[in-house]
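The values are calculated or read from the model by the stated rules, or taken from the named source; none is laboratory data. Treat the numbers as computed from the prediction; the structure is a model and nothing was measured. Every residue, glycine among them, receives a Cβ derived from its backbone with ideal geometry; neighbour counts consider all protein chains shown. These accessible areas exclude ligands, DNA and RNA; they are computed on the full protein's heavy atoms, side chains included. Shrake-Rupley method; radii C 1.70, N 1.55, O 1.52, S 1.80 Å.
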Amino acid sequence: NLSEPSTIHTNTQAEFAPQVAYDGNGDAIAVWERVANENLADTNETAMAANMEVVWAKWQRASGTWTTPAPLTANGYLDHAPLLCGPLADGSVIATWTANTANLLMGTGLAGSQVLWAKWSPSSQTWSDPQLLLSNLENRLSQSLSGLSNLAVYAWTSDADGVLTNAADQQVYRAEFTNGAWIAPVQVTSDDSGNRNVRVLVSTN
């Protein structure tokens, strides 16, 4: 049976886009977007975007309780769209998220976005330092992340020219995490079928 819904943390900050995955210890790791400023009253979307950070918390299986949310990012510009996958063979969990120093939800040629990643270690109970996965990402329309055993895959779709009314140049790309590192991304499609809404799943084999 499901328990009654309850809060991870009682606060007044706007919060969005939760993701959750179990690590190798059977604890649940959650990440989500949160407005950093508890007293933000500015209704300007750019001002809110600049306050958007990614936070995390752990559900402890032994006690059935959540830890107090802690920041995964704290930089004064837009961090959003977190994804989470795992556990991998070592019990770790991988998080990715998107940053844009111009506070744009979709990166452009003048202000591309960056996709960053970090790995949760159940043995040390810490996150690795955030590292760059993709730089200068333009016109991303969808994304997906999956990981199991010794492989994680981050996939996304982008529009080549940024003219979103024409879908013929929208293509699928992927990057793979193996042997503890991300390998260079590759383009998966190269046709005019309007490839979008990507989903990726790593199977048990």
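Using 0.36 nm per residue, how much length does the chain from E38 to L201 gain when fully extended, once their Cα-Cα distance is taken away?
On the way: separation 163, 0.36 × 163 = 58.68 nm, distance 3.65 nm.
Contour length minus Cα-Cα distance gives 55.0 nm.
Within region 177-205, list the residues whose amide N lies under 13 Å from a label point set 7 Å along Cα→Cβ of L141. Zone members listed by number: 189-199.
Calculate the translational D of the chain in whole µm² s⁻¹ from Stokes-Einstein, where the hydrodynamic radius comes from the Kirkwood formula applied to all Cα pairs, the temperature is 20 °C and the viscosity 1.002 mPa s. Provide the component values of the computation, followed by the final result.
Details: Rh = 18.0 Å.
In µm²/s, the coefficient rounds to 119.
Measuring nothing but protein heavy atoms, the accessible surface of region 81-183 at 1.4 Å probe radius is 53 percent carbon and sulfur.
For a modelled paramagnetic label at T68, 7 Å from Cα along Cα-to-Cβ, the residues of region 3-46 in reach, with backbone nitrogen under 13 Å, are 9-11.
Rounded if a/c is under 1.5, else prolate if a/b is larger than b/c, else oblate: which is region 17-111, with a ≥ b ≥ c the root eigenvalues of its Cα gyration tensor? Verdict is oblate for region 17-111. Within the listed set S193, S144, S158, the Gaussian network model of the chain (springs between alpha-carbon atoms below 10 Å) gives the highest mean-square fluctuation for S193.
Look at the dipole of region 46-140 built from charges on Cβ: of A95, L84, T67, the Cα furthest out on the positive end belongs to T67.
In Å², and per residue, what accessible area does the chain have when probed at 1.4 Å with the other protein chains present? Mind showing how you got there, number by number?
Details: 10930 Å² over 205 residues.
Solvent-accessible surface per residue comes out at 53 Å².
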